[in-house]
Amino acid sequence: MNTLPRKEDINVYDSLDERYAVKEFYGKTREQIFEELTDGYQHMQESLAFMGPVGFAYYAPAWERLFTHFEQVEKLEEIAQWTKCIISIRCNSLDTETPEAVAALHRMLELCEKFYHSDAYLNYNIEEARMYGYAESLLSSPLNLPEVKVGLKECTRLRKQLNARQKQE
């Protein structure tokens with residue numbers, strides 16, 4: 001979908017969350033939303049999580065761009081956390097998602113997985129672990145560091161949910 005979503009594409013069930021999403025997103029391009037996200041993604045993630053599937057599929061690429069916009073590992077880690085929240089919320093109603101929305105969820109999850117495997121994230125966690133006196137065996141295999149394992153485990157759980165949805169179709 002390359003045209004702006006209609007109000008009905010964002011607000012499908014007339015819930016409070018969807019009404020708020022209309023206020024934040026309606027009539028705005030992906031580029032406009034991306035600019036707003038770079039200034040305050042923390043308050044916009046909930047609207048993205050709860051809006052209708054057509055609106056979500058349209059605006060998801062703006063959220064995805066956040067993974068290439070920021071360089072600070074701490075900021076990217078926060079974006080990955082919010083991304084997993086969005087995916088987890090939307091997984092609760094996978095039967096109502098459009099194929100385009102499900103594809104966007106897969107792309108977002110892939111970005112999280114890449115982040116958790118990135119050298120920058122692994123090195124960041126190694127340094128943190130050194131500061132807290134972790135065993136050398138953990139430092140030599142950063143995928144076993146607790147913080148990394150938790151992030152990857154959540155990605156695996158979400159991946160299973162998304163894949164199960166696709167098998168139902």
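The values are calculated or read from the model by the stated rules, or taken from the named source; none is laboratory data. Since the model is a prediction, treat every value here as computed from it, not as a measurement. Don't worry about glycine lacking a Cβ; one is built from the backbone with ideal geometry, like all the others, and counts go over all protein chains shown.
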Item checked: Residue tally, condition in contact with a Lys or Arg (Cβ under 9 Å, 6 or more places away or on another chain) and either at pLDDT below 95 or not aliphatic (A, V, I, L, M) (or both), over segment 41-68 -> 11
Checklist line | Spans of helices (runs of 4 or more DSSP H) in segment 89-169 with at least 2 residues closer than 24 Å to SER47 by Cβ and of a type in the set (Gly, Ala, Ser) | finding: 99-117
Margin query: Checking the structure you have, find out if any residue of segment 37-59 is surrounded by fewer than 21 Cβ atoms within 10 Å (Cβ to Cβ) and either small (Gly, Ala, Ser) or in contact with a Cys (Cβ under 6 Å, 6 or more places away or on another chain) (or both).
Written below: yes
Notebook entry, point to check: Which of (1) touching a Ser or Thr at 6+ places or on another chain (Cβ under 8 Å); (2) buried (at least 17 other Cβ atoms within 10 Å of the Cβ) does ASP17 not meet, given it meets every other one?
Noted result: (2)
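Each row is one residue, and each column tells you yes or no for (1) within 19 Å of the chain's Cα centre (by Cα); (2) of a type in the set (A, V, I, L, M, F, W, C); (3) farther than 22 Å from LEU48 by Cβ; (4) surrounded by fewer than 19 Cβ atoms within 10 Å (Cβ to Cβ).
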| site | (1), (2), (3), (4) |
| --- | --- |
| GLU71 | yes, no, yes, yes |
| GLU78 | yes, no, no, yes |
| ILE89 | yes, yes, no, yes |
| GLU127 | no, no, yes, yes |
| CYS155 | yes, yes, no, no |
Note to self: Pairs needed: first member in segment 62-78, without any contact (Cβ under 8 Å) to a residue 40 or more places away in the chain; second member anywhere, among the hydroxyl-bearing types (Ser, Thr, Tyr) and surrounded by fewer than 15 Cβ atoms within 10 Å (Cβ to Cβ); C-beta distance under 9 Å; at least 6 residues apart or different chains.
What the structure shows: ALA62/THR29; ARG65/THR38; LEU66/THR38; HIS69/THR38; PHE70/THR38
